[in-house]
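What follows is a short report on a single structure.
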Amino acid sequence: MATDELTDEVVAFLSSGTRTGKIGYVAADGRPLVVPIWFVVENGQLVFNTGADSAKARALHRDPRVVLVVDDERPPYSFVQVQGTVSVGEDPDDLLATATRIAARYMGPERAEEFGRRNAVPGEVVVRIAPTKVIAAFDVAD
């Protein structure tokens, strides 16, 4: 299935459990790079936080095109690939809100505030991926 937006089925898959995303971007010298991220889905976009001075953030400022893959490694296997463009923001309130939501997903609601505040510090940014193409394959081995 290919589309240009996140369908309800895709959002449910992306939001299930604590699956990490693997984001691909282009380094300054043209090499493709992939790193894992924690993320949430909000208003049809994928959202994560990163250091403003990280290689990833610097690359996204140079070239806002990215690809993100999330997979289920258990039979019958599924994956979603999201191609898109990013916007990067530094609003402290937005940073705290997104860091706390991400922390709730990956660390649990009882530690969300603790990890949200730990990760919403000066020097961090909010990255939002607006999908341009979404490819999903569910239950591949069925």
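The values are calculated or read from the model by the stated rules, or taken from the named source; none is laboratory data. Remember, it's a predicted structure, so these values are computed and weren't measured experimentally. Using ideal geometry, Cβ is built from the backbone for each residue, glycine included, and neighbour counts are taken over all protein chains shown. We work out accessible area using only protein heavy atoms, side chains counted, and drop any ligands, DNA or RNA first. Shrake-Rupley method; radii C 1.70, N 1.55, O 1.52, S 1.80 Å.
Taking 0.36 nm per residue of sequence separation and removing the Cα-Cα distance, the Tyr77/Thr20 pair yields an extension gain of 19.0 nm. Which percent of the accessible area of the range 38-85 is formed by carbon and sulfur heavy atoms (probe 1.4 angstrom)? Taking all protein chains in place, the range 38-85 shows 49 percent carbon and sulfur surface. Only DSSP H runs of four or more residues enter the estimate; each adds -39500 (n - 2.57), and after division by the residues of the chain the mean residue ellipticity at 222 nm equals -8500 deg cm²/dmol. Length available on full extension from Leu33 to Glu110: 0.36 nm per residue minus the Cα-Cα distance, which gives 24.4 nm.
With every protein chain present, what is the per residue accessible area of the chain (1.4 Å probe, Å²)?
On the way: 7600 Å² over 142 residues.
Here the per-residue accessible area is 54 Å².
Tally Lys/Arg at +1 and Asp/Glu at -1 over every other residue whose Cβ is under 10 Å from the Cβ of Ala97; what's the total? With Lys, Arg at +1 and Asp, Glu at -1, the neighbours total -3.
Take Glu114, Glu90, Glu42 and sort them by solvent-accessible surface of the protein heavy atoms, 1.4 Å probe, largest at the top.
Details: Glu114 100, Glu90 135, Glu42 25 Å².
My answer, sorted largest first, is Glu90, Glu114, Glu42.
Under 5 Å from the amide H of Thr132 lie the amide H atoms of Gln83, Gly84, Thr85, each residue being 5 or more positions distant or on a separate chain, with H modelled from the backbone and absent for Pro and chain starts. In the range 8-137, Cα pairs under 8 Å separated by at least six residues give a relative contact order of 28 percent.
Rolling a 1.4 Å probe over the protein chains gives Arg65 an accessible area of about 150 Å². The value given for the chain is a Kirkwood hydrodynamic radius of 15.5 Å, derived from the mean inverse Cα-Cα separation. Each part gets one Cα centre, and for the range 49-84 versus the range 105-138 those centres are 12 Å apart.
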